[in-house]
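The values are calculated or read from the model by the stated rules, or taken from the named source; none is laboratory data. Given the structure is predicted, the values throughout are model-derived calculations rather than measurements. Don't worry about glycine lacking a Cβ; one is built from the backbone with ideal geometry, like all the others, and counts go over all protein chains shown.
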Amino acid sequence: MITIVTTLAGQPLAASDPYARALAISLFTWRRAQDSDPVDGADRRGWWADGIEPALPAGIGSRLWLLARRKLDRQAMRDAEDYTREALQWWLDQRVASALDIDVFRVGDEAIVIAIAITLHDGRRLTAEIQDLWSLINV
């Protein structure tokens, strides 16, 4: 079971908080696979409005789903960090945040944790820890 722990300026955030929702949508809406990404069959996934909304040419969401059925090795962890950064890049591009720090680490043989720290433009720090990501994408 995946657990997301989110705080803003050290205080817990409810899942309904706009920052927590933006983070969840950014990470857990499956972004369309790039042409160079290996996929099973023709399933490239993606958000239903990919290509319709010109203000979002890169699409929304993350490619974390591409890690499904992959071995939990160093390359998978690097890809998890890259996919997370890609999904959250809009926070910087849209000037919602001034800095983005991501740390991916392994817990045991079958769990991966993504720790995120986003410095908002007003100086407050939004943090999130996604625990056991592997269980979500390998359902």
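Mind telling me which of the residues LEU133, LEU88, LEU92 ends up being out of contact with any Cys (no Cβ under 6 Å at 6 or more places or on another chain) and either more than 19 Å from LEU64 (Cβ to Cβ) or surrounded by fewer than 20 Cβ atoms within 10 Å (Cβ to Cβ) (or both)?
None of the other options fit; the residue is LEU92.
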Considering the stretch 1-22, residues that are in a strand (DSSP E or B), of a type in the set (Ser, Thr, Tyr) and under 14 Å from the mean Cα position of the chain (by Cα), and then whichever is surrounded by the most Cβ atoms within 10 Å (Cβ to Cβ), we arrive at THR6
Go through the stretch 91-139 and count every residue that is of a type in the set (Ser, Thr, Tyr) and within 15 Å of the chain's Cα centre (by Cα). 2
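In the stretch 60-75, what residues are surrounded by fewer than 18 Cβ atoms within 10 Å (Cβ to Cβ), touching a residue at least 12 places away in the same chain (Cβ under 8 Å) and closer than 19 Å to ALA115 by Cβ? Quick ask: steps written out before the conclusion?
Taking the stretch 60-75 first, the residues surrounded by fewer than 18 Cβ atoms within 10 Å (Cβ to Cβ) are 68-75.
From what's left, touching a residue at least 12 places away in the same chain (Cβ under 8 Å): 68-69, 72.
Result: LEU72, single match.
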Does the stretch 26-44 contain at least one residue that is farther than 23 Å from HIS121 by Cα and either in a helix (DSSP H, G or I) or at pLDDT 95 or above (or both)? yes
Residues in the stretch 23-50 that are without any contact (Cβ under 8 Å) to a residue 24 or more places away in the chain and among the aliphatic types (A, V, I, L, M) total 3
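Can you tell me how many residues in the stretch 82-132 are outside any helix (DSSP H, G or I) and hydroxyl-bearing (Ser, Thr, Tyr)? Working first, answer last.
Going residue by residue through the stretch 82-132, those that are outside any helix (DSSP H, G or I) are 94-132.
Filter once more, keeping what is hydroxyl-bearing (Ser, Thr, Tyr): 98, 119, 127.
The qualifying residues number 3.
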In the stretch 1-33, what count of residues is obtained for those that are farther than 23 Å from LEU67 by Cβ and hydroxyl-bearing (Ser, Thr, Tyr)? 3
